[in-house]
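Reviewing the structure listed below.
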């Protein structure tokens with residue numbers, strides 16, 4: 001440690017700062033990698049749902065099980081008209097939700 005202090009710290013070098021930054025990066029990268037894979041390896045086992053029987057000929061085999069089940073239940077729109085209609089219906093649902101939230105907020109403000 002004394003040799004490191006003499007070589008870098010006493011000279012006013014930026015090397016100690018670089019070493020700390022590199023160490024923090026390596027530690028953070030390793031921890032993120034570990035916890036990311038730990039989370040995904042246990043995520044499916046944490047739920048009590050049963051896997052849906054999915055006809056994989058209708059969906060992409062690379063999809064996760066939940067996405068494959070959703071795709072089998074309601075496939076993607078086949079053309080632009082169907083996609084546009086779905087987007088419009090989703091916008092209407094969002095508008096309804098926002099209106100409900102706005103009304104609830106106004107009621108809460110009146111009670112204050």
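A few comments on the model shown:
- Residue match in the stretch 13-31 (condition: more than 30 Å from residue 66 (Cα to Cα) and assigned to a loop (DSSP other than H, G, I, E, B)): yes
Yes/no matrix, rows are residues, columns are (1) modelled with pLDDT of 75 or more; (2) surrounded by 10 or more Cβ atoms within 10 Å (Cβ to Cβ); (3) in contact with a strand residue (DSSP E or B) (Cβ under 8 Å, 6 or more places away or on another chain):
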position	(1), (2), (3)
8	yes, yes, no
22	yes, yes, no
29	yes, yes, no
45	no, no, no
109	yes, no, no
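The values are calculated or read from the model by the stated rules, or taken from the named source; none is laboratory data. Since the model is a prediction, treat every value here as computed from it, not as a measurement. Note: ideal-geometry Cβ built from the backbone for every residue, glycine included; neighbour counts use all protein chains shown.
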